[in-house]
Amino acid sequence: MTMTRQAGVEIDSCETESDGGSSGSRSSSHSVSIPLDPMDVDTYRLVLGLESMHSDAEFTPGALSEPSQRSTFVMQYKSVKRKAKRKLVQARQTFKKEWNAIIYNQEGHNEAKLKLKQDLAAGKVRWYGCWKRDLWYFLRNTHPVVSVCYSHPLHPVTRKQRWFAYLLQMIFVLAIAIALAEARQCFECNIGFCTRKNYNRCFLANEHIGQLDVAEDLLEEYPIITKNFCCVCEALGILGFFRLFGKTLGGMLYAIVSNCLFTVFLFQMIMCSKAQLLDARRREIRSIIGKLIVIGIACWLFTLLPLLFFWISFKHMASTLLCNFVAGKLGSWTFVTCINVTAFKFFWQNETKKVLDGNPPRYNVTAEQFNEYLEAHWDDLVDSDDSSDNDIS
């Protein structure tokens, strides 16, 4: 990897994965894969010189010998039983770790794993010191689509939590899409700021008499939203976006902005990034509080589901909402991708500038420490990597 300076900022061209090091062990004529992953527990253990003890070893059931004459059904039953037992033991170990952390302030991770998790939570963006490589490492943990499959196992937001957060996000987007469609009638009725007046007469003016009876039942079940719907839209800023940008552009911008804000809030509540730097007890307590807030939001959204589905069938909006939903999601993903890349560029250049100024960020392992370790132990790492490949083959 070649380093140059441009306008006071370190730029890593990353033209090759190897360079002509002082030891002569690396050649720039061909590409040599880097033998260590900077986002790995063993890498942290090696760079920091920590012990290789694992206090949080997971349950790994021994291989059970299965006679070849046994039926397929029996083998499947044994496999399901082993998986269920593994899940049960893992859940018990997780509960035990959280209990010990809260009651006894006992750390549940070994030191290397804890330091890597802290760097992930602190928003470290320079792992290799290479812009292209570090961009992928950043997107794999922050992008709403990529992170579902490629997020790091030690990231404070697990993949299961990401799936749950995206389910809540989809329900939220559905609710916003319906609210935007109906808020246009409030806007066309020329409703100003919230007052104590009931706006249902103007809002339901275009509905048939038979549908009004059904709507009255709906008003009794969801009085807070339905009886003051236009006022709620005003309070949430929907009508304000309509006034500033028009019904079409304002609705699209409101959907993107609200979706991004809701997603960021959910992930911050789940991750509790600042709490990851605290001791075990305070970290677990704040993490539980954040998760309880997310559960409360989930209960609220699931309570809205019957109203959303009823209103879709009541207004015959299924096809329109589906198109708006798909377009909104694609637009928000594109918008979030642009934000991620822009934010990464700013953070990466900021961290690089601090390194050049002699004031590197306070992470447990920096990209410079990782590269220095590679330079010092390159021969041993490559030899051990080649020998392990030969053993596998």
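Any read-out appearing in this document is the output of simple, stated calculations on the displayed coordinates, not a laboratory observation. Predicted model only: the values in this text are computed from it and were never measured. Methodologically, a virtual Cβ is constructed for each residue, glycine included, from the backbone with ideal geometry; neighbour enumeration extends over all protein chains shown.
Annotation: lysines with alpha-carbon distance below 20 angstrom to residue 85 (same-chain offsets under eight excluded): 96, 97, 160.
Considering only the other residues whose Cβ falls under 14 Å of the Cβ of residue 162, what net charge follows from Lys and Arg at +1 and Asp and Glu at -1? Local net charge: +4.
Suppose R0 equals 56 Å. What FRET efficiency, 1/(1 + (r/R0)^6) with r the Cβ-Cβ distance, do residue 103 and residue 316 give to the nearest 0.05?
Working: r = 56 Å, r/R0 = 1.00.
About 0.50, to the nearest 0.05.
Quick check: convex hull of the Cα atoms in segment 217-358, volume per residue, rounded to a whole Å³? Don't jump to the answer; show the numbers that get you there.
Details: hull volume 22.3 nm³, N = 142.
Dividing the Cα hull volume of segment 217-358 by its residue count gives 157 Å³.
For the set 83/274; 87/291; 113/274; 329/353, the pairs lying more than 24 angstrom apart at their alpha carbons are 83/274; 329/353. The distance between label points at residue 83 and residue 300 comes to 3.7 nm (points 7 Å beyond Cα on the Cα→Cβ vector).
A crude spin-label estimate for the pair residue 148 and residue 327, with each label 7 Å from Cα along the Cβ direction, gives 2.2 nm.
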